[in-house]
Amino acid sequence: MTNIQGTGPQGTGPSRPAQPVRVVIVDDHGIFRSGLKADLDASIHVVGEAATVEQAIAVIAQERPEVVLLDVHLPGGLGGGGREVIAGSAALLATTKFLALSVSDAAEDVVAVIRAGARGYVTKTISGAEITDAVFRVAGGDAVFSPRLAGFVLDAFGTAPADIADDELDRLSARELEVMRLIARGYSYKEVAKELFISIKTVETHVSAVLRKLQLSSRHELTKWAAERRLL
Amino acid sequence: MTTALTRPPLVRSSDRIIAGVCAGLAAHLGWPVKGVRIGMVLASLAGGAGLAFYAWLWIMVPTADESARRNARRPASPIAPAVPRAMPGATTTGDAAAVRPPWFRVGGVRYGKEILLGAGLLLVAGILIAQLLGVNVPLGTLIPAAAVLGGASIAWMQLDETRRAGLLDKTKADQAGGWARLAAGLALVVAGVLVMVSGSGSWEQTWLALLASVAVLGGVVLVLLPWALKFWRDLETERAGRIRETERAEIAAHLHDSVLQTLALIQRRAANEHDVVRLARAQERELRNWLFQDPGKDAGQLSDRIKAVAAEVEDSLGNAVEVVSVGDTAMTESHEALVQASREAMLNASRHGGGAVSVYLEVSAGRTEVFIKDRGPGFDLQDVPEDRLGVRESIIGRMKRHGGTASITSTEDGTEVRLGLPAIPTDYAEGKS
């Protein structure tokens, strides 16, 4: 996927940046952290690690990484886990991007970190190459949606382009729905672009717009839905 | 008597006149209820022996509800099959409680303080009554005594009610009624005791005594209130702790039965990567299902079936099958055909794609769709031999017969099977997308 263009400061494609991406890994399982470090591409520099909410906030403030790989469930703090880390690093959100990484598929976990400000969500079972790709994409300012997250979005916003909602944030456009549906079906951004005869840049724009809506929508159903669902 | 083993447990019956003691006793002994009641009344006339026995049983014997709850509190732990859950052979013919409760111990363990208090009160009341009855039987003493007994009964029945209220979450109206009963019982007891103690029954003395006792009571309440509050709080903490303990035991039991067993299996098969992955996936699926299952959701919906089929394919071929579902619907005959067609497509995708398979199920108002995508080398439908029934019959043919659609897109990047089913199956053939 070398033809995916990001909007990184160097203007290079996300998978081959001029400079290595500086990353902090936040996860309470030491084994997982070391496994992840070994799996990541050589162009990703892990500059720090943390196992608790407090450690994470301190390390992020000190290292100011471009990307934080953040576990959703973390000990420490007030029990808010990854959400609390993002809230505690709110001042850095402009330069530091958060990619949620979780073994949990529970909707409320995922939606909570996304709404807190994470730029994407991937499950821990994905391969090193995929996670590397996701890191570059997030570092480039794009959103990373797994099929599962796309499924959540479709479930929360409804699968039909709603026309009764009075707030633009409360619905997805027909195009955004199409993009979400294809991602839920397992399409990569490149394949989505090909299927819809649009550029990858346009796909990324749509996904980012959906992410923004997911983060900002005050849609009552969204929060209620997230609280109610304990289903995959 | 060997028949004791088959007796129903001794619990207080809900078919009650006062506290359900007689009915419970009758059920336990297999005697007619009326006989037991008459016997109890007769025994009461014999120096109050029946009364004492009745009160004792009332305190010591739990109601059927309480008994059932006490037994239910033990987690059904498969870890400890060696720990006997009940006395052997304690099969019941009664329907309320599952096992015969060790009723002679129960109170002492759980309501120890309450029972001590009750027994003390009873002792005092008994001595008082015996003394008063021993001398002569003046009406002026008997009436207040009856008032005291009546008041106590009312208040104690209230105690039963509140215990049950905790279980059934009664409404506020009932609670108010309960308080009224408690207050009435208290008033009766206080009035009875006052008249009894003041003896003469003259108003002046009674008022004085009332004033004095109210003052004393006030003082006692003032002293005991913080202690009582602390006791109450301790009780709440203890109860919360017990709930946590039960939950922990349940989780431990589950992990033991599933995760630990799988980990042991994985260690034994460490050499076979394929087996390890398969075991890990199957265990992950099981644990996820256990952790995140929604008890309020109907089982057997379409998404459950699709997930079950995906799990089956995953187990048999070893490649991950990720299911994402949006919406859900109850199963019908055509949905069953859709599930079977999906299964066939998943099998093909897993077998020929050779990697992870993505499955997406979407149920909307008008349509049910399933997409099965793999990243294999792809194939051309024209090249599939006529005798291969997999794709042609099991997928396309099956969907058409049930008024649905099926299409297959295959490129060098992978293959996607798209299955569609209109909400109300009709004969129309929709254009393949």
ask   = When the residues of the stretch B:200-245 are filtered to those that are free of Cβ contacts under 8 Å to residues at least 24 places away in the same chain and outside any helix (DSSP H, G or I), which remaining residue is nearest to B:LEU149 (Cα to Cα)?
value = B:SER200
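Rundown of residues vs (1) at pLDDT 85 or above; (2) within 18 Å of A:VAL144 (Cα to Cα), yes/no style:
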position: A:PRO14; (1), (2): no, yes
position: A:GLN19; (1), (2): no, no
position: A:ARG33; (1), (2): yes, no
position: A:HIS45; (1), (2): yes, no
position: A:ILE57; (1), (2): yes, no
position: A:GLY82; (1), (2): no, yes
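This table checks each residue for (1) at pLDDT 85 or above; (2) touching a helix residue (DSSP H, G or I) at 6+ places or on another chain (Cβ under 7 Å); (3) of a type outside the set (S, T, N, Q); (4) not assigned by TED's automatic domain parsing to the domain that holds B:SER358.
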site	(1), (2), (3), (4)
B:PRO385	no, no, yes, no
B:LEU389	no, no, yes, no
B:ILE396	yes, no, yes, no
B:MET399	yes, yes, yes, no
B:GLY403	yes, yes, yes, no
B:GLY414	no, yes, yes, no
B:GLU430	no, no, yes, yes
note = When the stretch B:332-360 is checked residue by residue, the ones that are of a type in the set (Asp, Glu) and in contact (Cβ under 8 Å) with a residue 40 or more places away in the chain are B:GLU333, B:GLU344
query = In the set A:VAL26, A:VAL67, A:VAL72, A:VAL59, which member is at negative phi and within 14 Å of chain B (Cβ to nearest Cβ)?
reply = A:VAL72
remark   = Of (1) surrounded by fewer than 11 Cβ atoms within 10 Å (Cβ to Cβ); (2) modelled with pLDDT of 85 or more; (3) closer than 30 Å to B:GLN283 by Cα; (4) among the hydrophobic types (A, V, I, L, M, F, W, C), B:ALA270 fails just (2)
message = Any residue at all in the stretch A:176-184 that's at pLDDT 85 or above, over 30 Å from A:LEU40 (Cα atoms), in a helix (DSSP H, G or I) and not aliphatic (A, V, I, L, M)?
response = yes
Candidate set from the stretch B:348-360 (those that are within 13 Å of another protein chain (Cβ to nearest Cβ) and not in a loop (DSSP other than H, G, I, E, B)); member that is modelled with the lowest pLDDT = B:GLY353
ask   = Do any helices (runs of 4 or more DSSP H) entirely within the stretch A:65-160 hold 1 or more residues that are of a type in the set (Lys, Arg), in contact (Cβ under 8 Å) with a residue 60 or more places away in the chain and surrounded by fewer than 19 Cβ atoms within 10 Å (Cβ to Cβ), and if so, which?
value = A:107-116
ask   = With (1) more than 23 Å from B:GLU362 (Cβ to Cβ); (2) touching a Ser or Thr at 6+ places or on another chain (Cβ under 7 Å) as the list, and A:ASP109 as the residue in question, which single condition is left unmet?
value = (1)
key: Within the stretch A:185-202, considering residues that are hydroxyl-bearing (Ser, Thr, Tyr) and either surrounded by fewer than 21 Cβ atoms within 10 Å (Cβ to Cβ) or assigned to a helix (DSSP H, G or I) (or both), the one farthest from the other protein chains (Cβ to nearest Cβ)   = A:THR202
note = Subset of the stretch B:283-308, residues under 18 Å from B:ARG343 (Cβ atoms) and modelled with pLDDT under 85, comes to B:ARG285, B:GLY300, B:GLN301
query = Quick check, is B:ALA282 without any contact (Cβ under 8 Å) to a residue 40 or more places away in the chain and either more than 14 Å from chain A (Cβ to nearest Cβ) or out of contact with any Cys (no Cβ under 8 Å at 6 or more places or on another chain) (or both)?
reply = yes
remark   = The residue that is farthest from the other protein chains (Cβ to nearest Cβ), considering only those in the stretch B:305-347 that are in a loop (DSSP other than H, G, I, E, B) and under 20 Å from A:ARG148 (Cβ atoms), is B:ASN319
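The values are calculated or read from the model by the stated rules, or taken from the named source; none is laboratory data. What you are looking at is a predicted structure, and each value in this text was computed from that prediction instead of being measured. A quick note on method: Cβ atoms are made from the backbone with ideal geometry, for glycine too, and the neighbour counts reach across all protein chains shown.
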